[in-house]
Amino acid sequence: MNFFAKSILQKAGYGNLHRFMSTKALTKVTFNNGIKTITLASPETRNTLSIPMERELLKHLSTDWENNDLRVIVLDSEGPLFSAGHNLNEMTTKNNLEVHNEIFHLASKVMFAIIDCPVPVVGKVKAGAFAAGCQLVAQCDIAVCTPNCKFATPGANVGIFCSTPGVAIARCVHPMVTRHMLLTGLPLTANEAKDNGLVFKVCKEEDIDKEVDHICQSIMSKSRAIIMNGKRFYYRQVDLPIKEAFKLGEQEMIDTLSLRDTQEGIESFLQKKKPNWCHRPDPLNSK
Amino acid sequence: MNFFAKSILQKAGYGNLHRFMSTKALTKVTFNNGIKTITLASPETRNTLSIPMERELLKHLSTDWENNDLRVIVLDSEGPLFSAGHNLNEMTTKNNLEVHNEIFHLASKVMFAIIDCPVPVVGKVKAGAFAAGCQLVAQCDIAVCTPNCKFATPGANVGIFCSTPGVAIARCVHPMVTRHMLLTGLPLTANEAKDNGLVFKVCKEEDIDKEVDHICQSIMSKSRAIIMNGKRFYYRQVDLPIKEAFKLGEQEMIDTLSLRDTQEGIESFLQKKKPNWCHRPDPLNSK
Amino acid sequence: MNFFAKSILQKAGYGNLHRFMSTKALTKVTFNNGIKTITLASPETRNTLSIPMERELLKHLSTDWENNDLRVIVLDSEGPLFSAGHNLNEMTTKNNLEVHNEIFHLASKVMFAIIDCPVPVVGKVKAGAFAAGCQLVAQCDIAVCTPNCKFATPGANVGIFCSTPGVAIARCVHPMVTRHMLLTGLPLTANEAKDNGLVFKVCKEEDIDKEVDHICQSIMSKSRAIIMNGKRFYYRQVDLPIKEAFKLGEQEMIDTLSLRDTQEGIESFLQKKKPNWCHRPDPLNSK
């Protein structure tokens, strides 16, 4: 960054991080029967991923990792948008560099929390998602949406190319469609989003709760430890050259055979009974 | 792996590798007119990729590489499943670590044989493919299937996350669909498999033989050496950064111009005659 | 390359690079209202990417990078083919190694020019594209085509596996479809090309000008500097492991906030007025 620009931002002073306290909760969280639902609940801000919103989101995504009662996280929203992306007000020169750093540092942390979280993160997308909001959808382990949803990365329209949304989107959407989104800012419909890999499925509005619940129940019928290890290995292998990935996978498969829940699963299948998971990555000889 | 778990497995002793001899062939192999068809032919085991089955598959995939009469390998199946994946019976604590290692070491070798094989491997998938069976389909150079086929990676249901199937699937299927398959274990229909990249085409049952033959004839009309080099280069470049891949490709293209079959192809095209391939990667000045 | 083969090619002598001068222009170029349209205009050669054609293409793709009036490059064609690929006549032993090197060295340079060009390159594909012609389509930032178009990489039919086309295609098309194209040489229809990621959209012939113009206008409504930085970052991040990409993206986003056009965009949005871009990557405190 240019030295003078930095100085200007830093001298601004009054726009420092201490101002960014949330006065009221911007999210709602429920945690029942294994499912933590984090709802972006600030329709009046269009669920903007402001610093306070990112902090809340990060907190809810990052807690309970050691709690075996947590089995799935669902990301939901209230209001006419899933999320409009970052808060442009925070990005002006009224705020100093510390603030600007925080916006995007938190955004990375939210992404990493989704990736590193031991349980799957499922997006229930019932309204449009733009810029960093679209990034949030793309980074979910699985996302489903309703037919009305639109998805776009129009940041360049307001001078901020959607570079970080592009990181998430490029990793699930067809490259030429990704580039069209990023360079033109034009939206995808729900069906286009599905056809090009941004969401897993388009569900009627009256069916999306059932669909998300079906996904959650499918995940929760398995051992938490097995899902945790499997998700972690997926993100480890997916960036590797294929043979390297297979060699690591070979060891991953061998190692899982010494886990209590793996042997419980196999024995239960062979004996045609329901497995009794301990849900922990405990070795075979543990109680 | 936990030390005690290892000890338990190793002390088990009686479940060692010597037990895993196939008493009768689990595959059928035909080799006519350039096409070696390897048929998984153990419907009573649901074409389970047991150690004996993997050994047979590996043998048939790995032989005849120097035989110019071998031009394409087709993977076919008998019975109501293409393959149900690995054999859970082999994965219990009745078998020692040596056995567990062998299951997955062979599986990697089968994958590498498909990748490294000098001729294309074409999957003719006429029945469901699950777990490592689905991995086998995903790793084919080209696979086609019939409309009845289902594809799933339900390993986590029985305590074994489909980590190695995920390596193959993540490299051809949309990421969000891959994660849905791995985390929920829910199946794809044939059309979903096609739309998301797991198979090239869905053919009516009465058409699949013709479709696979069309693919095989298209391959066999070309020089074996050119296909061999091209396939090898594809797997080399596909994991590289784009500019590095283009630079290597540049040299690959230049080098092929000094091959006898490349110049035979060019000259035949320019002279509007049928090329007379030698099918070997011989240099231009060879007889 | 085999030593003797090299000698033969080098001794051929008469087929050296000096022969490859274009006597007349093979392309037409217009440059109006921000859009440079490069038209492959040699229908009699089927828009073959001969050395002279590649040189022209490279020149037109590589100039005006510092000219702020250049906002988008459109690749268009005249005649019944978008491009038939490289010129087989140049690849015979009548030409020496220097010529062979030049064909593919230029091809890489054309690809790199598209990637490195500060403005988006949009393919307007109104006719079939084969081999290196298909590579050119696949490498466009965005390509749209008409319903009549066919796409294929049939190089192996004439002894030259489409290895470099495969580099571009493998980076936008489903892997199993890529391998089918490369190994069989069989074509994709326009709709198959779209469904599998090779083009962004299929437009009726009477609509393609409007569609391409819509894309161009969407790009040109933004700041040139923001698009330039965004495109450059996209190609930088897309080959990286996801977390590394996000960390770089974080800094990219922070850095853009100190640009004049980013702050112009944000302020204009907040004040509900039209942004007045300078189109240069100038820091905030510049005039």
Hey, can you tell me all the residues within segment C:104-138 that are within 8 Å of another protein chain (Cβ to nearest Cβ) and either within 27 Å of C:H180 (Cα to Cα) or out of contact with any helix residue (DSSP H, G or I) (no Cβ under 8 Å at 6 or more places or on another chain) (or both)?
C:F104, C:H105, C:A107, C:S108, C:M111, C:F112, C:I115
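Just the residues that are facing another protein chain (nearest Cβ under 7 Å) and either closer than 21 Å to A:R232 by Cα or acidic (D, E) (or both), please, taken from segment C:239-259.
C:D239, C:P241, C:I242, C:K243, C:A245, C:F246, C:K247, C:E250, C:E252, C:D255
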Is at least one residue of segment C:78-86 among the hydroxyl-bearing types (S, T, Y) and open to solvent by 10 Å² or more (accessible area, probe 1.4 Å)?
no
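Any residue in segment A:274-281 that is within 25 Å of B:L188 (Cα to Cα) and not charged (D, E, K, R)? Break it down into steps so the answer makes sense when it comes.
Here is the first cut: in segment A:274-281, the ones within 25 Å of B:L188 (Cα to Cα) are A:274-275.
Pick out the ones that are also not charged (D, E, K, R) and you get A:275.
Within segment A:274-281, one or more residues are within 25 Å of B:L188 (Cα to Cα) and not charged (D, E, K, R).
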Against the definition (more than 30 Å from C:S268 (Cβ to Cβ), in the same structural domain as A:I38 (by the TED database), among the small types (G, A, S) and open to solvent by less than 20 Å² (accessible area, probe 1.4 Å)), how does A:G123 come out, yes or no?
yes
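Would you mind stating whether A:I254 is open to solvent by less than 10 Å² (accessible area, probe 1.4 Å) and farther than 30 Å from A:F130 by Cα? Before the answer, list the steps.
On the way: open to solvent by less than 10 Å² (accessible area, probe 1.4 Å): yes; farther than 30 Å from A:F130 by Cα: yes.
Here the answer is yes, as A:I254 does meet what is asked.
Among the residues of segment C:260-273 satisfying the criterion of being over 19 Å from C:F233 (Cβ atoms) and within 11 Å of another protein chain (Cβ to nearest Cβ), which is nearest to the chain's Cα centre (by Cα)? It would help to see each step written out before you state the result.
Quick first cut of segment C:260-273, residues over 19 Å from C:F233 (Cβ atoms) only: C:264, C:267-273.
Then drop every residue that is not within 11 Å of another protein chain (Cβ to nearest Cβ), which leaves C:264, C:267-271.
Numbers: C:E264: 31, C:E267: 34, C:S268: 33, C:F269: 33, C:L270: 36, C:Q271: 38 Å.
Checking each candidate, the answer is C:E264.
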All but one of (1) open to solvent by less than 10 Å² (accessible area, probe 1.4 Å); (2) closer than 28 Å to B:E211 by Cβ; (3) more than 7 Å from every other protein chain (Cβ to nearest Cβ) hold for C:L183; which doesn't?
(3)
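Table: residues versus (1) open to solvent by less than 30 Å² (accessible area, probe 1.4 Å); (2) polar (S, T, N, Q); (3) in the same structural domain as C:G133 (by the TED database); (4) touching a residue at least 24 places away in the same chain (Cβ under 8 Å).
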site: C:P187; (1), (2), (3), (4): no, no, yes, yes
site: C:S258; (1), (2), (3), (4): yes, yes, no, yes
site: C:G265; (1), (2), (3), (4): yes, no, no, yes
site: C:L284; (1), (2), (3), (4): no, no, no, yes
For segment A:126-155, what are the residues that are surrounded by 24 or more Cβ atoms within 10 Å (Cβ to Cβ), farther than 27 Å from C:S221 by Cα and out of contact with any Pro (no Cβ under 8 Å at 6 or more places or on another chain)?
A:Q139, A:C140, A:A143, A:V144, A:C145
Do any residues in segment B:101-112 that are free of Cβ contacts under 8 Å to residues at least 40 places away in the same chain have Cβ atoms under 7 Å from those of residues that are part of a helix (DSSP H, G or I), where the two are at least six apart or on different chains, and which pairs are they?
B:N101/A:I254; B:H105/A:E250; B:F112/A:K243
C:Y235 passes all but one of the listed conditions (1) at the interface with another protein chain (Cβ under 7 Å from one of its Cβ atoms); (2) of a type in the set (F, W, Y); (3) open to solvent by 10 Å² or more (accessible area, probe 1.4 Å); the exception is number (1)
So how many residues does segment A:162-180 have that are open to solvent by 10 Å² or more (accessible area, probe 1.4 Å) and closer than 17 Å to C:R224 by Cβ?
1
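Yes or no: segment A:200-208 includes at least one residue that is facing another protein chain (nearest Cβ under 10 Å) and open to solvent by less than 60 Å² (accessible area, probe 1.4 Å). Walk me through how you get there before you give the answer.
Residues of segment A:200-208 facing another protein chain (nearest Cβ under 10 Å): A:200-201.
Still in the list and also open to solvent by less than 60 Å² (accessible area, probe 1.4 Å): A:200.
Yes, some residue in segment A:200-208 is facing another protein chain (nearest Cβ under 10 Å) and open to solvent by less than 60 Å² (accessible area, probe 1.4 Å).
Would you confirm whether any residue within segment B:28-35 is under 14 Å from the mean Cα position of the chain (by Cα) and open to solvent by less than 30 Å² (accessible area, probe 1.4 Å)?
Residues of segment B:28-35 that are under 14 Å from the mean Cα position of the chain (by Cα), as a first pass: none.
The answer is no, given that none of the residues of segment B:28-35 is under 14 Å from the mean Cα position of the chain (by Cα) and open to solvent by less than 30 Å² (accessible area, probe 1.4 Å).
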Options A:V110, A:V119; residue that is in a loop (DSSP other than H, G, I, E, B), under 13 Å from the mean Cα position of the chain (by Cα) and among the β-branched types (V, I, T):
A:V119
Can you tell me which residue is least open to solvent (accessible area, probe 1.4 Å) among those in segment C:39-77 that are touching an Asp or Glu at 6+ places or on another chain (Cβ under 7 Å) and β-branched (V, I, T)?
C:I51
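The values are calculated or read from the model by the stated rules, or taken from the named source; none is laboratory data. These numbers come from a predicted model, not from an experiment. Reconstructed Cβ throughout: ideal geometry from the backbone, glycine too, with neighbour counts over all protein chains shown. Areas reflect the complete protein model, heavy atoms only, side chains present, ligands, DNA and RNA absent. Shrake-Rupley method; radii C 1.70, N 1.55, O 1.52, S 1.80 Å.
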